[in-house]
Amino acid sequence: MILLLGASGYIGSAFASELKRRKLDFLPLSRLQLDYSRFDLLLGFLRTKKPSFVINAAGYTGKPNVDACELDKAGTLVGNTLLPQTIAHACAVAGVPWGHVSSGCIYSGAKISGDGTVRVEKDMTQPALHALVEKKSTSVLGFTEADAPNFSFRNLPCSFYSGTKAMGEEAMAGIGQSYIWRLRIPFDEFDNQRNYLSKVQRYAKVYDNVNSISHRADFVKACLDTWELRAPFGCYNVTNPGYVTTRHVVEQIEKILKPARQFEFWKDDTEFYQTAAKTPRSNCVLDVSKLLSAGVKIRCVEEALEHSLKNWKSEN
Ligand SMILES: NC(=O)c1ccc[n+]([C@@H]2O[C@H](COP(=O)([O-])OP(=O)(O)OC[C@H]3O[C@@H](n4cnc5c(N)ncnc54)[C@H](OP(=O)(O)O)[C@@H]3O)[C@@H](O)[C@H]2O)c1
């Protein structure tokens, strides 16, 4: 049996659907049934139920966006740092391997290769760098799992949310057997206030930047595949290979969905942060070669984006 924590959430519910589709025996567990953030209660549960694997899709995400985490720092810390540490210790004591949903939002920017060197650029909106992104230059590289987070409490500035996600990864490091699965900006074909493609369509003005993004069902399939393939434990960036600019996403929305509205963009970061955002946003490109080398198959971002828009529907 696979124990699924946070099954009631946006990502947890996608894990539940995929586990059902694969006809795998699983047990969804909510804090309403058992406070799994308590070490003693979780360890007792693991010893009684003896799951073969635990999935942690629980965590604290700010709603409607990451700015909300700045208003509940204690809750954010509990959900994103203390919880994975507690699960890591309980699973290690019970001898159960597990996987944790982390986030790619612990990075900012991308890596740029040239002249035999590779440098980190935190702000990809600079015109010269944006031009490289637009022409899909091979000199634009993503952060790998070996790169230290550069948008974290150890490498400020960062949002409080991102800081706690990076700390969560640190807090579980070296304890027992686990996967860290880094999700980034989930999207799919189901209109939902949590879906990136829905958010873009509803923003009064759109913020343009470059990001690697994760199709929700592709993400959970890839995570489960790491376990089913018995990929080595450790950290994996789990996004659809490639990256997109928000401007390109808007162009695809206009082309495929043909909405009645016109899209406007924030002029620059200054206008965006003065008007629409409080805490710094992570925008980043991730490298997924480690995931692919482990034998996990995941379609490229362009294909996943086009498929989602061509199959656009309301959630239910
Ligand atoms: N959605 C995104 O944009 C995104 C992007 C990157 C990474 N992630 C990560 O993916 C994970 C799941 O995110 P999600 O979008 O599915 O979140 P969600 O919809 O808010 O669901 C999270 C679930 O976590 C459980 N939970 C346990 N401890 C919690 C706590 N202290 N505070 C709040 N919830 C707690 C809750 O389930 P019960 O109370 O029923 O147990 C809740 O339903 C999180 O770790 C998040 O950081 C999300």
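The values are calculated or read from the model by the stated rules, or taken from the named source; none is laboratory data. From a predicted model like this one, the values you see are computed outputs, not experimental measurements. Note: ideal-geometry Cβ built from the backbone for every residue, glycine included; neighbour counts use all protein chains shown.
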With respect to Leu224, determine if the residue is under 20 Å from Leu141 (Cα atoms) and at pLDDT 95 or above.
-> no
Does region 280-315 hold any residues that are farther than 15 Å from Asp218 by Cβ, under 18 Å from the mean Cα position of the chain (by Cα) and not aliphatic (A, V, I, L, M), and which are they?
-> Pro280, Arg281, Ser282, Asn283, Cys284, Asp287, Ser289, Lys290
Among the candidates Val101, Val96, which residue alone is among the β-branched types (Val, Ile, Thr), assigned to a loop (DSSP other than H, G, I, E, B), touching a strand residue (DSSP E or B) at 6+ places or on another chain (Cβ under 9 Å) and in contact (Cβ under 8 Å) with a residue 40 or more places away in the chain?
-> Val96
Are any residues in region 211-250 without any contact (Cβ under 8 Å) to a residue 24 or more places away in the chain and part of a helix (DSSP H, G or I), and if so, which ones?
-> Glu228, His248
Out of Thr86, Thr48, Thr61, sole residue that is farther than 20 Å from Pro232 by Cα, of a type in the set (Ser, Thr, Tyr) and within 9 Å of the ligand (Cβ to nearest atom) | Thr61
Look through region 279-315, keep the residues that are in a loop (DSSP other than H, G, I, E, B), of a type in the set (A, V, I, L, M, F, W, C) and out of contact with any Pro (no Cβ under 9 Å at 6 or more places or on another chain), and return whichever of them is surrounded by the fewest Cβ atoms within 10 Å (Cβ to Cβ).
-> Trp312
Taking the options Asp208, Asp123, Asp147, name whichever one is in a loop (DSSP other than H, G, I, E, B), among the charged types (D, E, K, R), away from the ligand (no atom under 16 Å from the Cβ) and at pLDDT 95 or above.
-> Asp147
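Quick grid of which residues meet (1) within 25 Å of the chain's Cα centre (by Cα); (2) crowded, with 17+ Cβ neighbours inside 10 Å:
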site	(1), (2)
Ile2	yes, yes
Ala14	yes, yes
Lys20	yes, no
Arg31	yes, no
Leu34	no, no
Ser37	yes, no
Thr48	no, no
Asn56	yes, yes
Val66	yes, yes
Tell me which residues, restricted to region 1-23, are touching a residue at least 40 places away in the same chain (Cβ under 8 Å) and either more than 12 Å from the ligand (Cβ to nearest atom) or not in a helix (DSSP H, G or I) (or both).
-> Met1, Ile2, Leu3, Leu4, Leu5, Gly6, Ala7, Gly9, Ser17, Glu18, Leu19, Arg22
Can you tell me which residues in region 150-166 are aliphatic (A, V, I, L, M) and more than 12 Å from the ligand (Cβ to nearest atom)?
-> Leu156
Please name all residue pairs, on different chains or six or more residues apart, with Cβ atoms under 6 Å, provided the first residue is in region 252-278 and is on the phi > 0 side of the Ramachandran plot and the second residue is at pLDDT 90 or above and surrounded by 12 or more Cβ atoms within 10 Å (Cβ to Cβ).
-> none
Find all pairs meeting these conditions: Cβ atoms under 7 angstrom apart; at least six residues apart or on different chains; first residue within region 290-303 and under 20 Å from Thr246 (Cβ atoms); second residue among the aromatic types (Phe, Trp, Tyr).
-> Val301/Tyr243
